[in-house]
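A short worksheet on the structure shown next.
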Amino acid sequence: MALIEIDNLSVTFDAGDRYVHAVQGVSLTVHARESFGLVGESGSGKSTILRAICGLAPISGGAIRIDGKPLQTPRGFDFARRVQMVFQDPYASLHPRHTIDRTLAEPLAIHRIGDTDRRVVQALRDVGLDPSFRFRYPHQLSGGQRQRVAIARALMLEPEILLLDEPTSALDASVQAETLNLLSRLRAERGLTFLMVSHDLAVIDHMCDRILVMQHGRAVEELDRDQLAAGAMKTGYARTLFNASADRMLDG
Amino acid sequence: MTAMMTWLRDPNPQSRTQARLGQMWLGWLRMRRNPLAMIGLMIVLALLLMAAWAPLLATHDPLTQNLSQRLLPPGSAGHWLGTDEFGRDIWSRIVYGSRVTLYIVGLVALTAPAFGLLIGTVSGYFGGWVDQVLMRITDIFLAFPRLILALALVAALGPGVENAVLAIALTAWPPYARVARAETLTVRSADYIAAVQLQGAGSGRIIWGYVMPMCLPSVIIRVTLDMAGVILTAAGLGFLGLGVQPPMAEWGQMISSGRKFLFDQWWVATVPGLAIFTVSLGFNLLGDGLRDVLDPRSASR
Amino acid sequence: MTLLSVKDLYVTFRTESGIVEAVRGVSFDLGRERLGIVGESGSGKTMTGRSVLRLIRPPGRIDAVEMTFDGIDLLKISERQMRALRGKRIAMVMQDPKYSLNPVMRVGEQLTEGLRRRDGLRGAELHRKAIAALEAVQIRDPERVLRAYPHELSGGMGQRVMIAMMLIPQPDLLIADEPTSALDVTVQAEVLSILDGLVRDRGMGLIFISHDLRLVGRFCDRVLVMYKGRVVEELEAKHLMQAQHPYTQGLLNCLPRIGGDRGPLPGLDRAAAWAG
C-alpha cells in the first residue's frame with residue numbers, strides 16, 4: 001500500500017518578472033516503512049518536493065496523497081501528527097532564543113498533549129542526548145547535537161513519515177555517520193517511512209531502498225538500490241552523477 | 001556570591017529560570033566591558049533614584065514661592081542652583097521634575113513600542129493586503145511632523161500630562177512598526193518558523209513566541225535611542241504650555257518660563273536644559289551599549 | 001625546492017573564557033606541489049591557511065619558530081610589504097564566491113582591477129588579458145561573463161571567476177580553502193581539473209584545504225590530517241588508504257559507501273589518548 005503518492009506534481013514560483021518552474025511533472029510513490037531517496041544537484045527541485053508536501057511551497061499542478069487521501073490546505077493538526085520534517089541546517093532550524101526544552105515542549109503544547117517533563121526527557125534520551133542538555137540554548141550545542149535536537153523535535157508528535165532535507169550535509173563526516181546511524185535506528189524501532197533528499201549518492205545509497213534522480217525540476221530516472229550499486233543506469237545524467245561520485249564506491 | 005556565579009555560569013542549567021538568568025548574566029558581562037554604556041546606565045539609574053527619593057533630595061518645597069528670594073544665582077545660600085522668578089528653588093524643582101520626566105518616558109516606552117511591535121510583526125508575518133493596509137496607515141502617521149501632530153492632539157484633548165503622553169505615544173509608534181516589520185521579513189522564512197508551522201502552530205503563537213522575541217532587541221535599542229527625543233518632545237510640549245500645567249515642575253516648562261530672563265539670569269533656563277541634555281545622553285549611551293548586548297547577530301558569538 | 005616553510009606555528013585567541021589555541025605547533029614544507037590539509041570543523045585547517053597570509057584578526061595572534069615564503073620571513077615583514085605579497089605572489093580562494101565578489105560591480109571590472117591599478121593596462125590589451133584569464137579557467141563565453149554581475153553567475157561559474165581573478169598576477173602559491181564545497185559534484189570535478197592543470201603548467205604551489213578526505217586523497221600529492229589544531233598524520237596521498245593513525249582511519253571508515261552493507265557506520269573514537 002502506497003503511503004505517499006505524488007502524481008504529476010508541479011511547483012511554480014512567481015519571481016516577480018518571471019515564473020520559476022521548480023518542479024515539473026514529477027510522480028513517485030513511497031510505501032509504508034520504505035525509505036525513498038531524492039538525488040540531484042542544486043536547483044533540481046528535490047527539496048521543493050518536500051516543501052510542497054508540507055505546504056511550504058505552492059502546488060501548481062498535480063496531486064499529493066498521503067494514505068490515499070488528498071492533502072488539505074492548510075495542512076492541519078492530523079497532518080502534523082503524521083508527517084514531520086528535519087531541515088538541512090541545524091543552525092537555522094532551531095530558534096536561537098528558545099531553550100532546547102521549549103523547542104521540544106512546543107509541539108506538545110500545540111497539540112495539548114500533557115506529561116511534558118517526561119516526554120521531553122525521553123525524547124532527548126531517544127536521540128542520544130543527555131537530559132542535562134535540556135535547558136541549554138542552541139548556541140551552546142555543537143552542530144551534531146543540534147541536529148539531534150531537530151530530529152527529536154520532529155519525533156515529538158510520533159509521526160509515521162519523516163521528511164529529511166539533506167539532514168547531514170552541514171555536518172562533519174564523523175558526526176554525519178553518528179546522525180545517519182541514529183536515523184536508521186529510529187526508523188527500525190518506530191517503523192518510520194523516510195523521504196530523504198541528498199546530493200550525496202553514498203548517503204542516499206546507505207539510507208534508501210529506492211531513489212529518484214532529478215535534474216532541473218524533472219524526474220530523470222528511478223533506481224533501486226541494487227541497480228545503483230551495480231552502476232546500472234540507463235540515462236546519461238544519472239551516469240554522470242554516478243561517475244562524479246566514483247570515489248564514494250565501496251572499493252574506492 | 002561565588003556560589004551564585006557558578007550557578008549563573010552553569011553550562012547545564014536545571015530549569016528555565018536558571019537558563020534565562022544565565023543568559024542575562026552573560027549579557028551583563030558584555031555590557032560591563034563598554035564604559036560608555038555603563039556611564040549611560042549610571043545616568044539612567046541616577047534619574048530613577050532621584051525620582052524615587054525626591055522628597056529626601058529636595059532642599060525646598062518645589063511649589064512654595066518666596067518673592068523675596070527671586071532670581072538668586074547658583075551658589076546662593078540655601079539654593080545651590082539658584083531660584084526662579086517666583087523664588088522657587090531650582091534644584092528642588094529639577095528633582096521633582098524628574099518624576100514627571102520619568103513618568104512620561106516610562107508611559108511612552110511601554111505603549112508606543114508595544115503597539116509598533118504588534119503592527120510591525122503582524123504586517124510582516126502575513127504580508128499581502130494586511131501588510132499593505134497596515135503599512136500605509138503607518139506611512140500616514142510617519143508623514144506628520146511629530147510635534148505638530150502632538151500639538152494637534154493636545155489641542156483637541158486639552159493640556160495635561162496624560163494627554164501629552166498619549167500624543168507622544170501616538171506619534172512615536174510608526175518607527176517601531178517599521179523596525180519590527182523589517183526584522184520580521186528576515187525571520188519569516190527561517191527554518192525554525194517553518195518547523196513550528198509544520199507542527200500545526202497558529203499565527204498568533206508564531207508571532208508571539210517566535211517572531212517577536214527576534215524583533216524585540218532591535219525595538220528595545222530603538223526605544224532607548226528615541227528616549228532622548230521623547231524627553232525633548234515632552235519638554236517641547238511643556239515649553240509651549242501644552243504639557244504639564246504650572247505650577248507643577250517639569251523641565252521643558254521650566255526652560256519655557258526661564259527664557260524671559262535668559263540674558264540676565266541665564267541659570268533659570270540653563271539648569272533644566274542641562275538636566276534634559278544629561279538624561280538624553282544617558283539614554284543614548286545606554287542604547288548604544290544595549291545594541292551590543294541584545295543584537296541577535298552578536299549574541300550568537 | 002621549498003617554496004613555503006612553516007615551523008611550529010601557533011594561532012591563539014584570547015577570549016573571555018581564556019586562551020583558545022586554534023593551531024598548536026603545525027610544521028610543514030611546501031614545494032611546487034599540491035598539499036592537502038584535511039580536518040573536521042574546528043581542526044584549525046582554515047586558520048593554518050589564513051596565517052600564511054597573516055589574515056588573522058585580533059584578538060588572534062600568530063606565533064611560529066619559522067614561516068618563510070621564497071626566502072621572505074613572513075613573520076618579520078611589515079604589513080605594507082605583506083599587502084604587496086598578498087594577491088600578487090600568494091593568492092587565496094575562499095569557499096563561497098558569493099561572499100568574495102562585490103555584488104554591485106560587474107565581473108569584468110573586478111577581474112581587471114589589479115591589472116589597471118598595478119600594471120596600468122588600458123583598453124584592448126586589458127580586455128584581451130581578461131578574456132585570456134577567463135578562458136584559462138574554461139569559461140566558454142567570456143564576453144558575457146565579463147559583462148555580468150556576480151548574482152547572474154551560477155556557483156561553479158562564480159568560483160571559476162574567483163580562481164581566474166586570483167591567477168591573473170601569476171602567484172607562486174595558491175591557498176584554496178574549501179574551493180569546491182559549495183559546488184555540485186559534477187562542477188566540482190571541472191574546477192579541480194582546472195586547478196590541477198594550473199599547478200602542472202605554471203609550476204604553482206597549492207595548499208588545498210578541505211574537510212573531504214577522499215577528495216583530497218584523489219587530488220593532492222601530500223596530505224596533512226589535522227585534529228584539534230595539531231597535525232596528527234602526514235602522508236603521501238596515494239597511501240591514504242593505508243593510513244596508520246586511528247583518527248585518519250576513523251575519518252575514512254565513517255563515510256558511507258555506494259554498495260556498502262548499510263550496517264551502522266563506525267563512529268570516531270574521540271576519547272583516545274591522541275585527542276588531547
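Readers should treat all values here as calculations from the given coordinates under stated rules, not as data from a laboratory. As the structure is a prediction and not an experimental result, all values here were calculated from the model. All Cβ positions, even for glycine, are placed from backbone atoms using ideal geometry, and neighbour counts span all protein chains on display.
Taking a straight Cα-Cα cut-off under 23 Å and skipping sequence neighbours fewer than 8 places away in the same chain, the lysines within cross-link reach of C:Lys238 are C:Lys45.
The C-alpha atoms of chain B define a longest principal axis, and helix B:212-239 lies at about 20 degrees to it.
Taking Cα centre as origin and charging only the Cβ of basic (Lys, Arg, +1) and acidic (Asp, Glu, -1) residues, the dipole magnitude of the range A:2-248 rounds to 560 debye. Straight-line cross-link partners of A:Lys69 among the lysines, defined as a Cα under 27 Å from its Cα and at least 8 positions apart when in the same chain: A:Lys46. The calculated FRET efficiency for the pair B:Gln245 and A:Asp130, based on their C-beta separation and a Förster distance of 51 Å, comes to about 0.20. Between B:Thr17 and C:Lys7, the modelled labels are 6.0 nm apart [label points 7 Å from Cα along Cα→Cβ].
A Förster radius of 35 Å combined with the Cβ-Cβ distance from A:Glu189 to B:Leu185 puts the calculated FRET efficiency at roughly 0.30. Taken as Cα centroids, the range C:65-134 and the range B:58-81 sit 72 Å apart, rounded to the nearest whole angstrom. Once the Cα-Cα distance is subtracted from the 0.36 nm per residue extended length, the C:His151 to C:Asp261 segment shows a gain of 35.4 nm. Computed from Cα positions, the angle between helix A:143-155 and the longest principal axis of chain A comes to roughly 90 degrees. In loop segments of the range C:1-93 as defined by DSSP, the GluC sites (Glu not before Pro) with at most 11 further C-beta atoms inside 10 Å of their C-beta are C:Glu16. Its relative contact order, with pairs defined as Cα atoms under 8 Å and 6+ residues apart, puts the range B:102-299 at 24 percent. Once backbone amide H atoms are built at 1.01 Å from N, C:Val23 has C:Val11 as its partners under 5 Å, excluding neighbours fewer than 5 places away on the same chain. Applying the criteria of a DSSP loop state and at most 13 other Cβ atoms within 10 Å to the chymotrypsin sites (Phe, Trp or Tyr not before Pro) of the range B:1-110 yields B:Trp53, B:Trp80.
In this label model, A:His139 and C:Arg122 are separated by 5.2 nm, measuring between points 7 Å along each Cα→Cβ vector. The relative contact order of the range B:1-156, computed from alpha carbon pairs under 8 Å that lie at least 6 residues apart in sequence, is 13 percent. Shown is the FRET efficiency for C:Val20 and C:Glu66, computed with R0 = 25 Å from the Cβ-Cβ distance and rounded to the nearest 0.05: 0.60. Straightening the chain between C:Asp196 and C:Arg80 buys 38.6 nm, computed as 0.36 nm per residue apart minus the Cα-Cα spacing. For chain A, the relative contact order is 26 percent, taking Cα pairs closer than 8 Å that sit 6 or more residues apart in sequence and dividing their mean separation by the residue count.
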